[in-house]
Amino acid sequence: HAKGAGRNNYQFFDQRMNQAAARRFALESSLRGALANEEFELHYQPIIDTATRRLHALEVLLRWRRGGRDGGGVLVGPDEFIPILEENGMIVAVGEWVIRSACEQSMAWQALGLAAVPLAINLSARQFMHDGLVASIRRIVGATGIDPSLVEFELTETALMQHGGRTLDILRQINGMGMRLSIDDFGTGYSSLAYLKRFPVRKIKIDRAFVRELEASSEDRAIVAAVMALANSLQLSVVAEGVETEGQYELLRGHGCQFAQGYLFARPLPAAEAARLLVSSVLDAIDG
Ligand code: C2E
Ligand code: MG
Ligand code: MG
Ligand code: MG
């Protein structure tokens, strides 16, 4: 009897595995055409300066409008498809599309007279390891005419640690073009901090995992205080991710955190809505 039940469990497990594999296969095959079909789009989430509560930068976040474009189809978030792109290598082409499209968007906004706000662009591990990265960034800067100081790349600790000796070289080349680098999801990856003094990094982003329970957890407050102390002594600026409440915001400000990002201020916005924020920051500048 017990044996029979065990076998049923296996069959159930098997079926679920097959469903997951089938779903992934379907996702992967429709992803293959997504770039050519122009199904990717960029959303922009404000990063604000905690001293003034004004816009400091926009993080560029990729979305996939599966099965349609221009508002059709279903919007899929990056956690669902970036791992697949990483695995099949498509992230290199899609990542290049992200960098180019973000730079084009920035230039289009500037041509309209909107505020030139820095864009923070995510780079994945595989993209960072790809030999053509630096050349492709250089091409995009040349083709779009973007001011490199308006571009900042976000890399996770894990991505930085996978590339061995070449990492520093690539970071220096990107930095040498005038672009900035920040560490994304700080505190969730590699456990050595030695890289912070070796790499030309200006900014760290404290992961949402440490912000979420900041009000209730004295441990998380201790971690944030330690990260702030470390950042101050290494002259790094700090962005807190995933700020959702005024309470979290006040605590972070109290710890001297310079920048914050989260639903409290704004969700990731489609380009047209992000442009409206840039309009109001132009008005702010005229008023002030
Ligand atoms: P990330 O770079 O850490 O981006 C922050 C994520 O947190 C975004 O999720 C954002 O929507 C979400 N977030 C921001 N504020 C809040 C908040 O207050 N509460 C909560 N619950 N979430 C918040 P998203 O857009 O789903 O992106 C997930 C991850 O996908 C990103 O994490 C990044 O690692 C990756 N990603 C996004 N776009 C790209 C891209 O163009 N290239 C690469 N390589 N990775 C990307
Ligand atoms: Mg990021
Ligand atoms: Mg992050
Ligand atoms: Mg994160």
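Here the relative contact order of the chain, from alpha carbon pairs under 8 Å that lie six or more residues apart, stands at 18 percent.
Rolling a 1.4 Å probe over the heavy atoms of the protein chains gives the stretch 148-207 an accessible area of 41 Å² per residue. Take the alpha carbon gyration tensor of the stretch 74-136, find the square roots of its eigenvalues, order them as a ≥ b ≥ c, and report rounded if a/c is under 1.5; if not, report prolate when a/b exceeds b/c, else oblate. In terms of gyration-tensor shape, oblate. Only Cα pairs under 8 Å and 6+ residues apart enter the sum, and on that basis the relative contact order of the stretch 76-143 stands at 39 percent. The simple Förster model, with R0 at 41 Å and r as the Cβ-Cβ distance, assigns T188 and Q11 a FRET efficiency of 0.65.
Place a point 7 Å from Cα of R23 in the direction of its Cβ. Which residues in the stretch 38-77 have their backbone N less than 19 Å from it? Only 64-67, 74-77 fall inside the zone, counting backbone N under 19 Å.
Of the peptides 35-41, 181-187, the ranking by mean beta-carbon count within 10 Å, highest at the top, reads 181-187, 35-41.
Seen from T245, the other residues with C-beta closer than 13 Å to its C-beta sum to a net charge of -2, counting Lys and Arg as +1 and Asp and Glu as -1.
Sequence gap at least 6, Cα distance under 8 Å: using those rules, report the relative contact order of the stretch 141-288 to the nearest whole percent. It comes to 17 percent, rounded to a whole number. Extension gain, L230-A216: 0.36 nm per intervening residue step, less the Cα-Cα distance, totals 2.8 nm. Once you order the gyration tensor axes a ≥ b ≥ c over the Cα atoms, which shape class does the stretch 90-226 get: rounded for a/c under 1.5, otherwise prolate or oblate by comparing a/b with b/c? Here the stretch 90-226 falls in the oblate category. Other residues lying with their Cβ under 11 Å from the Cβ of V92 contribute a combined charge of -2, Lys and Arg counting +1, Asp and Glu -1.
Applying 0.36 nm per residue to the separation of D147 and A275 and subtracting their alpha-carbon distance, the gain on full extension is 44.2 nm. Start at zero, step by 10 Å, and the Cα-Cα distances of the stretch 176-288 spread as 13, 38, 32, 16, 1 percent across the bins. How large, in percent, is the carbon and sulfur part of the accessible surface of the stretch 60-175 at a probe radius of 1.4 Å? C and S atoms contribute 51 percent here. Centre-to-centre separation between the Cα atoms of the stretch 157-197 and those of the stretch 72-112: 21 Å.
The label-point distance for L35 and T245, in a model that sets each label 7 Å from Cα toward Cβ, rounds to 4.3 nm.
Please report the projected area of the chain's Cα convex hull averaged over all directions, in nm². Average of the hull's projected areas for the chain equals 19.0 nm². Other residues within the sphere of radius under 15 Å centred on the Cβ of G165, judged by their own Cβ, net out at +1 (K and R +1, D and E -1).
Kyte-Doolittle mean at least -1.0 and Cα extent at least 27 Å along the axis: which DSSP H helices of the chain qualify? Taking the DSSP H segments of the chain (at least 27 Å long, mean hydropathy at least -1.0), we get 2-32, 91-111. Think of each Lys and Arg Cβ as +1 and each Asp and Glu Cβ as -1; about the Cα centre, that makes the dipole of the stretch 18-89 roughly 180 debye. If a paramagnetic tag sat 7 Å from the Cα of I84 along the Cα-Cβ line, which residues of the stretch 18-55 would have the backbone N under 18 Å from that point? Residues 18-42 fall inside that zone.
The values are calculated or read from the model by the stated rules, or taken from the named source; none is laboratory data. In this text the structure is predicted, and so the values were computed from the model without any measurement. With ideal geometry, Cβ positions are generated from the backbone for all residues, glycine too; neighbour counts draw on all protein chains shown. Protein only, heavy atoms only, side chains kept; ligands, DNA and RNA dropped before computing areas. Shrake-Rupley method; radii C 1.70, N 1.55, O 1.52, S 1.80 Å.
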